[in-house]
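Reviewing the structure listed below.
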Amino acid sequence: MKDYQDLREEVIRLISETLNISPDVITETSAIADLSADSIQLFELLLAFERTYQVETSYDDIVGLRTVGDIVLYIKRVTLE
Amino acid sequence: MERTSWNRWGGGKCMTLPFPITVASRTNYVDTQLIDSLSYNECAYFDHISPHKREDWLMGRMASKCAIQGYVGTVTGSAIDLSCIEIISGTGLPPTFTLLSPVISLGDPTFLTLSHSHGIAVAQVCARRGIEGVGVDVERVRTFKETTLRAFLADEEYERWCIGSDSLPLHATLLWSIKEAYLKAIGVGLHMHPKRVVISLDTDDQGYTIIQVGGSSVRVQIYWTTIADFYIITNVII
């Protein structure tokens, strides 16, 4: 099982690759909506989370999360269940 | 937007919309105009916005304030300075506004809807009278990944507008934009999955488009246009 730090690095890498931005500008407190350039990018990021962590039914949960840290905690929780 | 021709979804064109839309583009303003239009609270908030988001945020404020200024003038005959209009958004709820002028009263409650994308913003204000909601959206036309198309389009939408399309980026961006404008009009934004909104060309006997939302039929008016060759503006009225 991945620990929090590993998962955080993985999530940051996924955001960086999906949105084509440097990982250096992404922190735990970064707001997801701020990182994406527009609503379509935001939607593609949500899809990437769903696909990578196989949480297909949780769009409603993911879209309500605000920060990178919230995403990490959410994924850690749902992948444990 | 006076000279813009609008397409009515399902067929037909018109030169004016039921409620006017204001467009703000980065090329139309200098920085001092934009900053001077902000209220005290908005200036304070501006400092906390990520640098790469500031321009779109400012355009959204400018489009909204100009739309409200026009609405105030029409309804009350009063002139109001842009800095006396404060936009409240970012709370997970639809945007609203406050007039920082004690002498102006609008009477009816209003809808405010706004959108921004890559340096262009659009906004619309109207009274909450005779309609259930309004939503605007602006998007830059783009090429979508196949997985993204499949994720936000219902199968019938994909088959009708994407397979064999000569204008796939335009069609796909337009469908996304209609869905997002509708989701704004009902006040939920992307908190509802866009695939739950299914766009068709069905109309009723009064010319309203019938869309399917979560299996239920909803009557809406949909208008759209393109500007600067690569932006789509969409307006949904319920």
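The values are calculated or read from the model by the stated rules, or taken from the named source; none is laboratory data. As the structure is a prediction and not an experimental result, all values here were calculated from the model. Positions of Cβ are generated from backbone atoms using ideal geometry, with glycine treated the same way; all protein chains shown enter the neighbour counts. Just the protein is used for accessible areas: all its heavy atoms, side chains included, with ligands, DNA and RNA removed. Shrake-Rupley method; radii C 1.70, N 1.55, O 1.52, S 1.80 Å.
For this structure, a couple of remarks:
- A:Ile26 being more than 22 Å from B:Thr173 (Cβ to Cβ), at pLDDT 90 or above and more than 13 Å from every other protein chain (Cβ to nearest Cβ): no
- Condition check for B:Tyr223: surrounded by 16 or more Cβ atoms within 10 Å (Cβ to Cβ) and modelled with pLDDT under 95: no
- Residues located in region A:56-80, provided they are open to solvent by less than 20 Å² (accessible area, probe 1.4 Å) and not in a helix (DSSP H, G or I): A:Thr67
- A:Glu81, sole failed condition from (1) among the acidic types (Asp, Glu); (2) closer than 21 Å to B:Ala151 by Cβ; (3) at pLDDT below 85: (2)
- Every residue from region B:131-154 that is touching a helix residue (DSSP H, G or I) at 6+ places or on another chain (Cβ under 6 Å), in a loop (DSSP other than H, G, I, E, B) and within 19 Å of B:Leu112 (Cβ to Cβ): B:Gly133
- Screening region A:37-73 for residues that are of a type in the set (Gly, Ala, Ser) and within 11 Å of the chain's Cα centre (by Cα) and picking the one that is farthest from the other protein chains (Cβ to nearest Cβ) gives A:Gly69.
- Members of region B:81-103 found to be hydrophobic (A, V, I, L, M, F, W, C), open to solvent by 40 Å² or more (accessible area, probe 1.4 Å) and assigned to a strand (DSSP E or B), listed by number: B:Ile88
- Residue in region B:10-21 that is assigned to a helix (DSSP H, G or I) and at negative phi present: no
- Considering B:Lys195, B:Lys184, B:Lys179, the condition of being under 22 Å from A:Ser39 (Cα atoms) and surrounded by fewer than 17 Cβ atoms within 10 Å (Cβ to Cβ) is satisfied by B:Lys195 alone.
- When B:Asp47 is tested against (1) among the charged types (D, E, K, R); (2) over 28 Å from B:Ser105 (Cβ atoms); (3) open to solvent by less than 30 Å² (accessible area, probe 1.4 Å), only condition (3) is not met.
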